[in-house]
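Asker: This structure is in structure tokens; I'll ask about it shortly.
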Amino acid sequence: FITHGRRERLGEQAGPPLSADQSETESFVDTYKIPKFVAAKFEPGQSVRAVIGLDGGSTSSKAVLVGEDGEILAKAYQLSKGNPILDTKELLTSLREQVEGQGAKLEVIGFGATGYAADVLEETVLADVNIVETVAHMMSAVHFFGDVDVICDIGGQDIKVLFMKNGDIENFKLSNSCSAGNGMLLQAMADQFGLPVTDYAEVAFQAELAPKFSYGCAVFLDSDRVNFQKEGYQKQELLAGLAQVLPKNVWQYVVQIPRLASLGRKFVLQGGTQYNLAAVKAQVDYIKERVPDVEVFVPPHTGEAGALGAAMETLRVVTRRGR
């Protein structure tokens, strides 16, 4: 059954894989693979003036150190421990060590926060900026890609889709009450198969067919997963199928706008989930199938988009103040 009958029987109800062949996969990866970040190098005794942007999320927290010229000097990341003040202390310690560990001196001229922890941090560390998440993610996308039409941010626990007009947010859709189609769902599936989430895409791209998951709540998706396993679908096929349901969750379940082409021609995909290239491939294919002449971008610091937006706004505020 495994070697002969399975493919013949499943082929009638299964969908296509993420890629038709290896060359398609390689071409896609070459286009969308996020370059590895290399932190800035400093000289002993050098004075480094910079702002810090911090995104205190529900599942993870991120911080970036941005120089006065807008260059990202250092980054820090950690899974949330449930205490935003403790998380912030550890992130700031990491940023400081990355600079002072090279013998340089760090002068922080501004601090900005966004995310679930922003209100707490505004009071406890007297943040210069407390910026709403949607605005922070907008500023990050605009910083890299200029005048964009749609920004889709998929985090660990929520989905944010921003609709832009004339360089500003015209409307947005937000889903944070259900774990449908977000990073934690993909993480959970990888965990169930004993895979590091960093290997998710490599395994999913090996599938030659994929089951068709129902989009919507994670409870139903996991029920589908159990049934598909009973039918004989293999690990790589289940991972591919779950990646393919991600854009359906975003655009049909959360956004609910029938004509994607009416939203524009320039889409930005950001958030930590976009490090998973299987998820990115499914989203890019879904959008390109429905929007002619579309451009789809993933920023180089996609997981730190919120923190970077907070840093950019902080830099603007302290520059205006003349500090």
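The values are calculated or read from the model by the stated rules, or taken from the named source; none is laboratory data. What you are looking at is a predicted structure, and each value in this text was computed from that prediction instead of being measured. Backbone-built Cβ (ideal geometry, glycine too); neighbour counts: all protein chains shown. Side chains included, ligands, DNA and RNA excluded: accessible areas come from the protein's heavy atoms. Shrake-Rupley method; radii C 1.70, N 1.55, O 1.52, S 1.80 Å.
Asker: Phe213: net charge of surrounding residues, Cβ under 12 Å, Lys/Arg +1, Asp/Glu -1, itself excluded?
Answerer: 0
Asker: Divide, for the stretch 79-197, the radius of gyration over alpha carbons by 2.2 N^0.38 Å, where N is the residue count.
Answerer: Here the Cα radius of gyration is 1.28 times the empirical estimate.
Asker: Using a Förster distance of 51 Å, how high is the FRET efficiency between Arg6 and Glu107, based on the Cβ-Cβ distance and rounded to 0.05?
Answerer: Calculated transfer efficiency: 0.20.
Asker: Expressed in nm², what is the orientationally averaged projection area of the convex hull enclosing the Cα positions of the stretch 1-113?
Answerer: Its Cα hull, projected and averaged over all orientations, spans 12.2 nm².
Asker: Let me check I have the definition right: for the stretch 181-313, take the eigenvalues of the Cα gyration tensor, multiply each by 5, take square roots. What are those semi-axes in whole Å, largest first?
Answerer: Taking √(5λ) for each Cα gyration eigenvalue gives 26, 18, 13 Å.
Asker: Once phi is turned into ³J(HN,Hα) by the Karplus curve 6.51 cos²θ - 1.76 cosθ + 1.60 with θ = phi - 60°, what whole-Hz value does each residue of the stretch 161-169 show in order, with x for glycine and proline?
Answerer: Calculated HN-Hα couplings, in order: 10, 10, 10, 9, 8, 6, x, 9, 6 Hz.
Asker: Averaged over all directions, how much area does the convex hull of the C-alpha atoms of the stretch 113-176 cover when projected, in nm²?
Answerer: Convex hull of Cα atoms, orientation-averaged projection: 4.7 nm².
Asker: When ligands, DNA and RNA are left out and all protein chains stay put, how many square angstrom of accessible area per residue does the stretch 79-138 have with a 1.4 Å probe?
Answerer: 51
Asker: Return, for the Cα atoms of the stretch 195-271, the radius of gyration and Dmax in Å, separated by a comma.
Answerer: 14.2, 42
Asker: Here is a follow-up. I want to check the label-to-label distance for Arg320 and Ile34. Put each point 7 Å from Cα in the C-beta direction and report it in nm to one decimal.
Answerer: Reported label-point gap for Arg320 and Ile34 is 2.9 nm.
Asker: For the chain, take the alpha-carbon Rg, divide it by the Kirkwood Rh, and send me Rg/Rh.
Answerer: Taking Rg over the Kirkwood Rh, I get 1.01.
Asker: How do 243-249, 31-37 rank on mean C-beta neighbours within 10 Å, highest first?
Answerer: Ranking the peptides 243-249, 31-37 by packing returns 243-249, 31-37.
Asker: While we're here: Once you order the gyration tensor axes a ≥ b ≥ c over the Cα atoms, which shape class does the stretch 7-48 get: rounded for a/c under 1.5, otherwise prolate or oblate by comparing a/b with b/c?
Answerer: In terms of gyration-tensor shape, prolate.
Asker: Using packing as a proxy for protection, rank 150-156, 70-76, 288-294 so that the peptide with the highest average count of other Cβ atoms within 10 Å comes first.
Answerer: Peptide ranking by packing, descending: 150-156, 70-76, 288-294.
Asker: Right, another one. Sort 307-317, 275-285 by packing, meaning the average of other beta carbons within 10 Å per residue, with the highest value first.
Answerer: The packing order, highest mean first, is 307-317, 275-285.
Asker: Continuing with this model, one more query. What is the gain in length, in nm to one decimal, between Asn83 and Glu295 on full extension, counting 0.36 nm per residue of separation less the C-alpha to C-alpha distance?
Answerer: 72.4 nm is the gain from fully extending Asn83 to Glu295.
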